[in-house]
Every structure is written in structure tokens, then in C-alpha cells.
Amino acid sequence: AEGDAAKGEKVFKKCKACHQIGEGAENKVGPQLNGVVGRAIGSVDGYKYSDGYLALGEQGEAWDEEKLMAYLLDPKDFLKEAGVKRKSKMTFKLKKEDQREDVIAYLKTFSAE
Ligand code: HEM
């Protein structure tokens, strides 16, 4: 199903412990998330990513809705499935499918596409 960006804004409160988005967003515990839908994995300047993210970005992989659905369910499993080092500083998981759809819809409102 298509996500609901307004509901996703509420879900994003869980992410705010570590991520900023919107005007003036900066890297904190995690990288800033402006433009993340369509952005190369592991590509924010000045953020020190784990190796697996950098490897995927170097392979030309970019975040899309499908990858984000899998990633937010389980970051380590996503990296393992993608065939790179499984280590991730993000261990947070969003189990509920509708919440993942909604938060991705919210992220898209800060992306060009
Ligand atoms: C990385 C999204 C919650 C910490 C990422 C990335 C995305 C993302 C898309 C990869 C970014 C990139 O490749 O540039 C989200 C969303 C969240 C969430 C949508 C809420 C639903 C959290 C929370 C924490 C966190 C709560 C901290 C407790 C991190 C860290 C990284 C990261 C540290 C970098 C991982 C590494 O390099 O090992 N997040 N995140 N995230 N996130 Fe989150």
C-alpha cells in the first residue's frame, strides 16, 4: 500500500533521536536524511558510515522504497542480504509494515522525485 506522509511524520519521531531532516538538518548520531529516497547509500559528506554502507554506495546502489522497506525492518539483515559486511551502527527496527510505508512517504516529501 502507499504510505501516508502525515502519519509518517508522527512515526519519524522515533527516528529523531538520531536523525534530522528538513531545512538545516545536520548529521547527528545518524546522517541527515534530506533527499534520502534516491540518494546513494552511505553518501552524506562528513558522516562516518560503517563499511557495508560505503561498499553498497560504491557499487552504485541507491535508496528506493523497496530497499528502505527491507532496511527499516532490519538493518543488519538488509546488509547481509545485500552481500556486504553486516555491521551497522543503526540497530533500530521498525517492525510494523504500515509504519514503514508511512515513514517512507514522509521521507519522500524531502526528496526530489
Ligand atoms: C542510517 C533511516 C532510526 C541511527 C540510516 C539510513 C537510513 C536511516 C535511511 C542510511 C542513510 C544513508 O545511507 O545515508 C532511519 C529511519 C529511522 C531511523 C527512517 C526511523 C524509522 C534510527 C535511530 C537511530 C538511528 C532511532 C539511533 C538509535 C542510525 C545510524 C546510521 C543510520 C547510526 C548509520 C549506520 C552506520 O553507518 O552503521 N538510518 N533511521 N537510526 N541510522 Fe537510522
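Checking Ala25 against (1) within 21 Å of Thr109 (Cα to Cα); (2) open to solvent by 30 Å² or more (accessible area, probe 1.4 Å); (3) without any contact (Cβ under 8 Å) to a residue 24 or more places away in the chain; (4) not in a helix (DSSP H, G or I), which test does it fail?
If we test Ala25 against (1) within 21 Å of Thr109 (Cα to Cα); (2) open to solvent by 30 Å² or more (accessible area, probe 1.4 Å); (3) without any contact (Cβ under 8 Å) to a residue 24 or more places away in the chain; (4) not in a helix (DSSP H, G or I), just (2) comes out false.
Within the group Ser111, Ser88, Ser43, Ser50, which residue is closer than 22 Å to Ala1 by Cβ and among the hydroxyl-bearing types (Ser, Thr, Tyr)?
Of the residues listed, the single one that is closer than 22 Å to Ala1 by Cβ and among the hydroxyl-bearing types (Ser, Thr, Tyr) is Ser111.
In the stretch 64-74, is there at least one residue being more than 7 Å from the ligand (Cβ to nearest atom), open to solvent by 90 Å² or more (accessible area, probe 1.4 Å) and under 13 Å from the mean Cα position of the chain (by Cα)?
Yes: one or more hits.
Just checking, how many residues over the stretch 1-17 are modelled with pLDDT of 95 or more and open to solvent by 50 Å² or more (accessible area, probe 1.4 Å)?
Of the residues in the stretch 1-17, 9 are modelled with pLDDT of 95 or more and open to solvent by 50 Å² or more (accessible area, probe 1.4 Å).
Given Lys48, Lys80, which one is assigned to a helix (DSSP H, G or I) and farther than 23 Å from Gly8 by Cβ?
Lys80
Kindly indicate whether any position in the stretch 95-106 is under 15 Å from Gly3 (Cα atoms), near the ligand (Cβ under 10 Å from one of its atoms) and among the hydroxyl-bearing types (Ser, Thr, Tyr).
Yes, there is a match, as at least one residue in the stretch 95-106 is under 15 Å from Gly3 (Cα atoms), near the ligand (Cβ under 10 Å from one of its atoms) and among the hydroxyl-bearing types (Ser, Thr, Tyr).
If Gly38 satisfies every condition in (1) more than 8 Å from the ligand (Cβ to nearest atom); (2) assigned to a helix (DSSP H, G or I); (3) not acidic (Asp, Glu) but one, which is the exception?
Failing condition for Gly38: (2).
The values are calculated or read from the model by the stated rules, or taken from the named source; none is laboratory data. Quick caveat, the model's predicted, so the values are computed rather than measured. Quick reminder, even Gly has a Cβ in these numbers, built from the backbone with ideal geometry, and neighbours come from all protein chains shown. Protein only, heavy atoms only, side chains kept; ligands, DNA and RNA dropped before computing areas. Shrake-Rupley method; radii C 1.70, N 1.55, O 1.52, S 1.80 Å.
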